[in-house]
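The values are calculated or read from the model by the stated rules, or taken from the named source; none is laboratory data. From a predicted model like this one, the values you see are computed outputs, not experimental measurements. Cβ sites come from the backbone with ideal geometry, for glycine too, and all protein chains shown count toward neighbours. What goes into the accessible areas is simple: the full protein's heavy atoms, side chains included, and nothing from ligands, DNA or RNA. Shrake-Rupley method; radii C 1.70, N 1.55, O 1.52, S 1.80 Å.
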Amino acid sequence: IKYLKKKLHSLGLDFVFSREPGGTPVAEVVRKILKDPLYAEMAPLCELGIFSALRADHIDKVIAPALNSGRHVFLDRYYASTWVYQVRVMGKGKIEDLFNGVNKLFVGDYIPDMWILLDITTEEMQRRFNKRKLEDEKKALAEGKSVVKDKNDEKGIEFHLNVKKEYYNFFD
C-alpha cells in the first residue's frame, strides 16, 4: 500500500487512501475496541452491525465526497473483509443472507471498480505477527502502558489460513 501511494503520487493522480475499520474519527475510536482481545468473543452478527454502520459513515464522510469531487479512492479493506471475517470465518456462513441485505442497504452504489488481493506466505504472515508484537511491546514499554494486542493476531495461524482461503472464495 505504501508503494502504491508513492507510485500514484509520482504520477500526479488525485486520490484518497482510507481504511476499514477506520477512516473517520468515530471509526478510529471503534477500531480500537474491535481489535481488542477483551472483545474477542463478540458475536459475528454484532460485528456485522458495527462494521456496516461504520461503513455507512465512511461512505458518507470520505468515500462519496472524494468520488463526487473526481478523486480516486483506495481502501485498505472494505466489505470483502466483513464477508470473510464475520460471515464466513466467524459466522460460518449462517448470516450470509443478512450480510447481503445489509450490505446492499449500507453500501448502495459504492461498489469498487476493482479489487486487489495482496497475498503473503504463511512464513511472512508469522514474521509480521512477531514483528508487530515486538513493536507493540516496545511502544507500550516506552509509554509506560500495558501492551494492547490485536484479537485476530492472537487467534493463531490456522485461523489466518482460513481467512486467506475465504478471501480467495470471495474473489472466485
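Looking only at the stretch 97-123, residues that are among the acidic types (D, E) and over 19 Å from the mean Cα position of the chain (by Cα) come to 3 in all. Of the residues making up the stretch 41-63, those that are touching a Phe, Trp or Tyr at 6+ places or on another chain (Cβ under 7 Å) and not polar (S, T, N, Q) number 5. Within the stretch 12-26, can you find the residues that are exposed (fewer than 14 other Cβ atoms within 10 Å of the Cβ) and under 10 Å from the mean Cα position of the chain (by Cα)? Hits for the stretch 12-26: nothing passes. If you filter the stretch 27-38 down to residues that are touching a residue at least 12 places away in the same chain (Cβ under 8 Å) and surrounded by 13 or more Cβ atoms within 10 Å (Cβ to Cβ), you find that the one that is farthest from the chain's Cα centre (by Cα) is P37.
Of the helices (runs of 4 or more DSSP H) lying entirely inside the stretch 67-172, those carrying at least 1 residues that are among the hydroxyl-bearing types (S, T, Y) and surrounded by fewer than 15 Cβ atoms within 10 Å (Cβ to Cβ) are 122-143, 157-171. From the list A27, A43, A80, the one residue that fits, being in contact with a His (Cβ under 7 Å, 6 or more places away or on another chain), under 28 Å from G156 (Cα atoms) and hydrophobic (A, V, I, L, M, F, W, C), is A27. Annotation note: Cβ proximity below 9 Å between a residue of the stretch 1-17 that is part of a helix (DSSP H, G or I) and a residue that is open to solvent by 90 Å² or more (accessible area, probe 1.4 Å) (sequence gap 6+ or interchain) occurs for L4/I116; L8/H72. If I filter the stretch 76-90 for residues that are modelled with pLDDT of 95 or more and among the acidic types (D, E), do I get at least one hit? No: zero hits.
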